[in-house]
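The values are calculated or read from the model by the stated rules, or taken from the named source; none is laboratory data. Predicted model, so just to flag it, every value in this text is computed and none were measured. Virtual Cβ from ideal backbone geometry, glycine too; neighbours counted across all protein chains shown.
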């Protein structure tokens, strides 16, 4: 039984690393990029074969992984799916609700299965591709209840081949969970950073350093993520504003019991994180 | 010219470390604690001489450093200052406005100069004292405009003897600056941690880990700090709630320009922090 052929479209860090990882384990990889020279660079690096005729290549691909920025994923898959009926499509987008809604018909028919590998780097571009980027990372799949089993199994097989661990969420649950685990913490880190004035800056130490580290991240990437997950992030912001108002009221009243309870809620959240250390995540069985 | 005699009251990590540091550079140190056995333990560790008669010891001290929790600092200094007219008093409290207001008459007459050494450890108690705890840390002094020069110079001399760098702020400016550099980031880290649900916990990764690290800190210490700096923290919370509302409005409107500008404000705050790396802080001249 030969390995499936994977066409990777858009060869930045994520796509390039996936190509490098799949090539290393012997899977046939086809490389596609808006600018053909990037696909040729991938071929030069030994990450697969550059695509010259997209429609013809789609006819040979079992699986297409679209690695564009979030806003381009659904239109790219829609356009490619119309070119040929054969391949299954997946993606690496960090929000899922809007994409799965846009591609609802393709998800129901089994032509699309959403993926979100929780991996990344501050480095960008195919020249920084890392064949081990997905090793031990958690990848969340978001098939619909109606999605047939075979395409889901194919997508799982690919992620497992590059060393990823797997779990499944509904698109809406995924977006709420990543809002809590990643998007809201990013927003609060940026808020904490923004309020540091020039007078106070020399006094900021290790606490500030760690709390605001992610605020130095890519504006392009994060505006894209926040806008695409605006519903879950928006709900979270409403809850956060009320949570901060609670602390303000407790401080104004000098209510030590309430201030302690408020801080305790943060400590409990931190404990939920520490409890679910990397070793404890739910992993789909290897036999699946 | 012999070194000044320093009486250190309350021998936890901060007081114990100061005693260890001063003893190491040859300053005479008197050790005082609510429970006499703690002062005896300090003497046993070689950090100075345990005080048996407090009034008599105050008559021999040039400088008293009160290292109690924030809420006990002003009453302790008030009570000791009434016992003997000789020593100058300082403290290690991380908020200054309320303490300096409570001790306003003593600050004006030169008997009290507020200090805030920005050092600490998650370890507590005299048995974890570190003689290098204050080495290279930033200590903020908060003399009033009316405070005579001699007691300020004495307090500066002590902090410089243990290796600390020095700067001066008014008590109100200090409290606003530490709110921005430390207290509000702590609050936002705790808020980010609190909203992580059990479902999302397995998805939290390095971003969440760093953003929420400080939320695991001492509830005792942080409720004390936030309550004593309630005015500056309260103002900061009002501003933060409005700042988060701005993002919520930008997301609801799908306004990419506004979302980018909002994220950019966080990035600029982070850059103000990185620019003021430890090497760049304003340091009072060694000749002072």
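Scan B:172, B:131 and give me the residue that is touching a helix residue (DSSP H, G or I) at 6+ places or on another chain (Cβ under 6 Å) and in a helix (DSSP H, G or I). Show your work before the answer.
Details: B:131 fails: in a helix (DSSP H, G or I).
After ruling out the rest, the residue left standing is B:172.
Within the stretch A:185-201, is even one residue modelled with pLDDT under 95, facing another protein chain (nearest Cβ under 7 Å), assigned to a helix (DSSP H, G or I) and surrounded by fewer than 23 Cβ atoms within 10 Å (Cβ to Cβ)?
The answer is yes; a qualifying residue exists.
Output the residues belonging to the stretch A:251-261 that are more than 14 Å from residue B:240 (Cβ to Cβ) and either at the interface with chain B (Cβ under 7 Å from one of its Cβ atoms) or touching a residue at least 60 places away in the same chain (Cβ under 8 Å) (or both).
In the first step, residues of the stretch A:251-261 are kept if they are more than 14 Å from residue B:240 (Cβ to Cβ); the result is A:252-261.
Answer for the stretch A:251-261, where residues must be more than 14 Å from residue B:240 (Cβ to Cβ) and either at the interface with chain B (Cβ under 7 Å from one of its Cβ atoms) or touching a residue at least 60 places away in the same chain (Cβ under 8 Å) (or both): A:252, A:254, A:256, A:259, A:260.
Rundown of residues vs (1) modelled with pLDDT of 95 or more; (2) closer than 18 Å to residue B:91 by Cα, yes/no style:
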position: B:20; (1), (2): yes, yes
position: B:32; (1), (2): yes, yes
position: B:35; (1), (2): yes, no
position: B:52; (1), (2): no, no
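Taking the condition out of contact with any helix residue (DSSP H, G or I) (no Cβ under 8 Å at 6 or more places or on another chain), in the same structural domain as residue A:154 (by TED's automatic domain parsing) and in a loop (DSSP other than H, G, I, E, B), does residue A:79 pass?
On the way: out of contact with any helix residue (DSSP H, G or I) (no Cβ under 8 Å at 6 or more places or on another chain): yes; in the same structural domain as residue A:154 (by TED's automatic domain parsing): yes; in a loop (DSSP other than H, G, I, E, B): no.
So residue A:79 fails the test.
If only one of B:56, B:124 is out of contact with any strand residue (DSSP E or B) (no Cβ under 6 Å at 6 or more places or on another chain) and at pLDDT below 95, which one is it? Full working, then the answer.
On the way: B:56 fails: at pLDDT below 95.
Testing whether each residue is out of contact with any strand residue (DSSP E or B) (no Cβ under 6 Å at 6 or more places or on another chain) and at pLDDT below 95 leaves just B:124.
Of all residues in the stretch A:109-128, which are under 18 Å from the mean Cα position of the chain (by Cα) and part of a loop (DSSP other than H, G, I, E, B)?
A:113, A:114, A:118, A:119, A:120, A:121, A:122, A:123, A:124, A:125
Which numbered condition in (1) modelled with pLDDT of 95 or more; (2) crowded, with 24+ Cβ neighbours inside 10 Å; (3) within 7 Å of another protein chain (Cβ to nearest Cβ) is the only one that residue A:204 fails?
Failing condition for residue A:204: (1).
Which one of these is at pLDDT 95 or above, in contact with a strand residue (DSSP E or B) (Cβ under 9 Å, 6 or more places away or on another chain), part of a helix (DSSP H, G or I) and within 9 Å of chain B (Cβ to nearest Cβ): A:248, A:177, A:265, A:239? So that I can check it myself, show each step before the final result.
Details: A:248 fails: in contact with a strand residue (DSSP E or B) (Cβ under 9 Å, 6 or more places away or on another chain); A:265 fails: in contact with a strand residue (DSSP E or B) (Cβ under 9 Å, 6 or more places away or on another chain); A:239 fails: in contact with a strand residue (DSSP E or B) (Cβ under 9 Å, 6 or more places away or on another chain).
Within the list A:248, A:177, A:265, A:239, the selection yields A:177.
Which number in (1) in contact with a helix residue (DSSP H, G or I) (Cβ under 8 Å, 6 or more places away or on another chain); (2) free of Cβ contacts under 8 Å to residues at least 40 places away in the same chain; (3) assigned to a loop (DSSP other than H, G, I, E, B) marks the one condition that residue A:106 misses?
It is condition (3) that residue A:106 fails.
For the structure I just gave you, tell me whether residue B:226 is under 17 Å from residue A:265 (Cα atoms), within 7 Å of another protein chain (Cβ to nearest Cβ), at pLDDT 95 or above and buried (at least 17 other Cβ atoms within 10 Å of the Cβ).
Values: under 17 Å from residue A:265 (Cα atoms): yes; within 7 Å of another protein chain (Cβ to nearest Cβ): yes; at pLDDT 95 or above: yes; buried (at least 17 other Cβ atoms within 10 Å of the Cβ): yes.
Judged against the criteria, residue B:226 is a match.
Residue B:145 fails exactly one of the following numbered conditions: (1) over 17 Å from the mean Cα position of the chain (by Cα); (2) under 21 Å from residue A:202 (Cα atoms). What is the number of that condition?
(2)
Can you tell me which residues in the stretch B:207-223 are farther than 24 Å from residue A:174 by Cβ and either within 7 Å of chain A (Cβ to nearest Cβ) or crowded, with 24+ Cβ neighbours inside 10 Å (or both)? Even if it seems obvious, please write down each step before you answer.
At the first step, the residues of the stretch B:207-223 found to be farther than 24 Å from residue A:174 by Cβ are B:213-223.
Within the stretch B:207-223, B:213, B:214, B:215, B:216, B:219, B:222, B:223 meet the criteria.
State yes or no: is residue A:91 within 25 Å of residue A:169 (Cα to Cα) and in contact with a strand residue (DSSP E or B) (Cβ under 7 Å, 6 or more places away or on another chain)?
Numbers: within 25 Å of residue A:169 (Cα to Cα): yes; in contact with a strand residue (DSSP E or B) (Cβ under 7 Å, 6 or more places away or on another chain): yes.
Answer is yes for this residue.
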